[in-house]
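Here the structure is laid out as structure tokens; the discussion comes afterwards.
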Amino acid sequence: MSTTHSRTAGKAMLSPAVILLFLWMIVPLAMTLYFSFLHYNLLTPGTSFAGIANYQYFLTDPAFFEALGNTLAIVGGVLIITVVGGTLLALLLDQPMFGQGIVRLLFIAPFFVMPTVTALVWKNMFMNPTNGLFAWLANTLGATPIDFLGHHPLASIIMIVSWQWLPFATLILLTAMQSLDSEQIEAAEMDGASAVSRFFHIIVPHLARAGTVVILIQTIFLLSIFAEILVTTNGGPGYASTNIPYLVYMQSLLQFDVGGGSAGGIVAVVLANIVAIFLMRMVGKNLDL
Amino acid sequence: MARQVTLNRRLINTGVAWAFGILIFFPIFWTILTSFKTEAEAISLSPSLFDFDWTLENYQEVNSRSNYPRYFMNSVIIAVGSTLLGLIIAVPAAWSMAFVPSKKTRGILLWMLSTKMLPPVGVLIPIYLIFRDWGMLDSRTGLVIVLTMVNLPIIVWMLFTYFREIPGEILEAARMDGAGLKSEILYVLTPMALPGIASTLLLNVILAWNEAFWTLVLTTTKAAPLTQFIASYSSPEGLFYAKLSAASTMAIAPVLILGWFSQKQLVRGLTFGAVK
């Protein structure tokens with residue numbers, strides 16, 4: 001089908017996107033790498049070669065380990081909640097009911113709310129220990145209100161982010177579930193398979209591909225969670241809710257330490273790549289191109 | 001397809017599903033409701049559901065006091081601008097990969113997706129310094145460029161999956177009839193590709209509208225979109241619940257409505273056609 005002529009045209013049409021994306025990736029990344037080997041602070045003039053001092057400093061800082069653990073906790077925690085919760089909710093929404101279209105709209109809505117709004121609304125109107133709705137609920141039930149963001153900052157952020165991403169997982173898994181041939185289920189039912197074994201032997205394998213996509217897309221976004229932390233806890237108290245992106249942001253734009261921040265940026269890139277290699281394998285297998 | 005179920009079972013399903021739906025939607029509902037309360041009622045320790053004096057004063061105040069329209073316009077310009085610029089770059093690329101695929105196509109697509117794996121903090125400092133030196137900090141142009149590049153891989157992927165479903169036989173038939181490349185693109189492909197392009201546009205406007213990292217880091221006042229405006233409420237202004245709610249409602253309403261309209265395409269678009 002393709003001629004030499006169309007192949008040349010194809011290349012010409014493809015190259016702007018490839019070149020721009022390549023430049024967008026490689027130029028700043030090379031600069032970050034370069035800065036990461038310099039003593040370079042925006043508050044003090046001049047730069048000097050630092051060797052691996054920035055990396056040493058960043059990687060031995062206790063804050064780094066805390067941030068690394070928090071990053072993994074956020075990604076892992078939100079993934080577990082959204083994938084398990086999403087599967088159960090998709091199972092529920094797949095049942096015959098009245099007004100399914102409207103319920104779907106209610107379920108998907110949080111996904112469209114901008115992260116800064118999500119964070120502020122939860123922080124002030126729900127989790128505030130005196131005026132929040134949770135505090136009112138606790139008081140009404142005769143319990144002591146919990147200072148969510150003060151005492152359980154990481155868990156609170158996981159909760160907020162899960163609320164935001166649960167709809168996405170539910171919607172994707174529901175769509176996948178609706179493509180399941182109901183005759184297969186009925187046949188299994190006739191053969192006397194229980195609801196539980198029908199779920200694990202027919203529905204779960206059918207959802208594997210959609211689940212892969214959900215995990216891939218969410219991981220990309222969850223590794224870089226930023227606004228939710230900035231607006232709710234500023235990474236605190238201490239470093240209790242700081243993740244790697246937030247740590248790098250603090251180091252570079254709040255402390256003006258370009259060298260140290262750059263080293264942190266490179267560490268973030270390496271970590272993301274480890275996750276990416278693993279994920280791309282999964283996707284390569286599950287997406288036919 | 002639908003299996004026979006008893007009315008009872010259907011009613012139970014309906015009840016449980018609606019209960020969960022309302023629970024999940026509740027924070028948004030509560031925000032909208034609070035935006036119509038007075039500040040005193042909003043912060044009251046015994047909140048009321050509907051029996052309060054409805055007022056529009058929060059909307060008026062947010063609009064007049066903090067120049068809300070400017071933030072709104074910044075959001076529109078940045079979201080629409082970066083989406084259009086992205087489409088201009090991505091349409092030809094996705095087109096050529098879908099219709100003139102080579103051995104490298106698969107590799108290029110995966111590579112593009114992998115650039116999304118690059119955490120923004122990995123390139124934050126150089127972009128920040130380049131922008132500072134070129135006077136592009138807090139400028140809409142700068143943000144449009146950054147958001148275009150951030151969303152470009154997604155735009156290419158979405159378009160690619162839509163284009164690939166256009167059957168090649170139609171192209172060949174057009175060619176047999178003597179259509180040149182130009183008229184082939186203009187009269188045969190474009191009409192078939194428009195729905196895909198429209199959904200891509202819609203979804204990317206939503207993504208760009210809500211993008212928070214780059215807008216928070218690269219803008220302060222002049223070019224600040226709604227994400228930044230809302231973030232400025234974090235403290236101590238955030239304690240004005242009613243005003244915060246009014247501002248939030250105005251910030252999320254356009255995208256919520258767009259999103260509801262495009263929820264079907266959302267599944268296809270964001271999963272690159274892998275889930276149908």
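Between chains B and A, what is the buried accessible area summed over both chains (1.4 Å probe, protein heavy atoms, nearest 100 Å²)? Buried surface at the B/A interface: approximately 9500 Å².
Based on the inverse mean of 1/r over its pairs of different Cα atoms, what is the Kirkwood hydrodynamic radius of the stretch B:7-57, in Å? About 12.8 Å for the stretch B:7-57.
In terms of accessible area, using a 1.4 Å probe and ignoring ligands and nucleic acids, B:134, A:163 rank largest first as B:134, A:163.
Sorted by accessible area with a 1.4 angstrom probe, largest first, how do B:54, B:260 fall?
Values: B:54 135, B:260 75 Å².
Ranked list, largest accessible area first: B:54, B:260.
Based on Cα contacts under 8 Å between residues 6+ apart, chain B shows a relative contact order of 31 percent.
The accessible-area ordering, largest first, of the residues A:194, B:96 stands as A:194, B:96, per a 1.4 angstrom probe. Computed from the C-beta positions of residue A:152 and residue A:59, the FRET efficiency with R₀ = 30 Å rounds to 0.60. Computed with a 1.4 Å probe over protein heavy atoms only, the accessible area of residue B:149 comes to about 20 Å². Proximity of backbone amide H atoms, modeled 1.01 Å from N, is registered between residue A:38 and A:50 at under 5 Å, excluding neighbours fewer than 5 places apart on the same chain. The mean number of Cβ atoms from other chains found within 10 Å of a Cβ in peptide A:21-28 is 6, as a whole number.
Calculated on the Cα set of the stretch B:28-147, radius of gyration then Dmax: 22.8, 66 Å. With contacts taken as Cα pairs under 8 Å at a separation of at least 6 residues, the stretch A:1-150 carries a relative contact order of 8 percent.
Counting only complete DSSP H runs, which helices of chain B cover 20 Å or more along their long axis at the Cα atoms and score a mean Kyte-Doolittle of -1.0 or above?
Details: long enough: B:7-34 (37 Å, 1.23); B:68-99 (45 Å, 1.31); B:140-164 (34 Å, 1.44); B:190-210 (30 Å, 1.23); B:241-261 (29 Å, 1.33).
The answer, listed by residue number, is B:7-34, B:68-99, B:140-164, B:190-210, B:241-261.
When you restrict to C-alpha pairs under 8 Å that are six or more residues apart and normalise by the size of the stretch A:162-282, the relative contact order lands at 17 percent.
Rounded to the nearest angstrom and ordered from largest down, what semi-axes does the equivalent ellipsoid of the stretch B:61-271 get from its C-alpha gyration tensor (root of 5λ)?
Square roots of five times the eigenvalues give 38, 20, 14 Å.
With 10 Å bins beginning at zero, the pair-distance distribution over Cα atoms of chain A amounts to 6, 20, 25, 23, 16, 7, 2, 0 %.
A Förster radius of 60 Å, combined with the Cβ-Cβ distance separating residue B:84 from residue A:72, puts the computed FRET efficiency at roughly 0.95. Remark on the protein assembly as shown: ratio of C-alpha radius of gyration to 2.2 N^0.38 Å is 1.02.
For every helix of n ≥ 4 consecutive DSSP H residues, a contribution of -39,500 (n - 2.57) applies; sum these over chain B, divide by its total residues, and give [θ] at 222 nm rounded to the nearest 500 deg cm²/dmol. Present the calculation step by step, with values, prior to reporting the outcome.
Numbers: 13 runs with 194 residues, N = 276.
Taken over chain B, the calculation gives -23000 deg cm²/dmol.
Each residue was assigned an accessible area with a 1.4 Å probe, and for residue B:30 the value is about 20 Å².
Tell me, in nm to one decimal, what length is gained between residue B:19 and residue B:264 on full extension, where the rule is 0.36 nm per residue of separation less the Cα-Cα distance?
Working: separation 245, 0.36 × 245 = 88.20 nm, distance 2.29 nm.
Result for the pair: 85.9 nm of gain on full extension.
When a 1.4 Å probe is rolled over the protein heavy atoms, the share of accessible surface on the stretch A:118-275 that falls to carbon and sulfur comes to 65 percent.
The values are calculated or read from the model by the stated rules, or taken from the named source; none is laboratory data. The structure displayed is predicted, hence computed values, not measured ones. Using ideal geometry, Cβ is built from the backbone for each residue, glycine included, and neighbour counts are taken over all protein chains shown. Heads up: the accessible areas ignore ligands, DNA and RNA and are worked out on the full protein's heavy atoms, side chains in. Shrake-Rupley method; radii C 1.70, N 1.55, O 1.52, S 1.80 Å.
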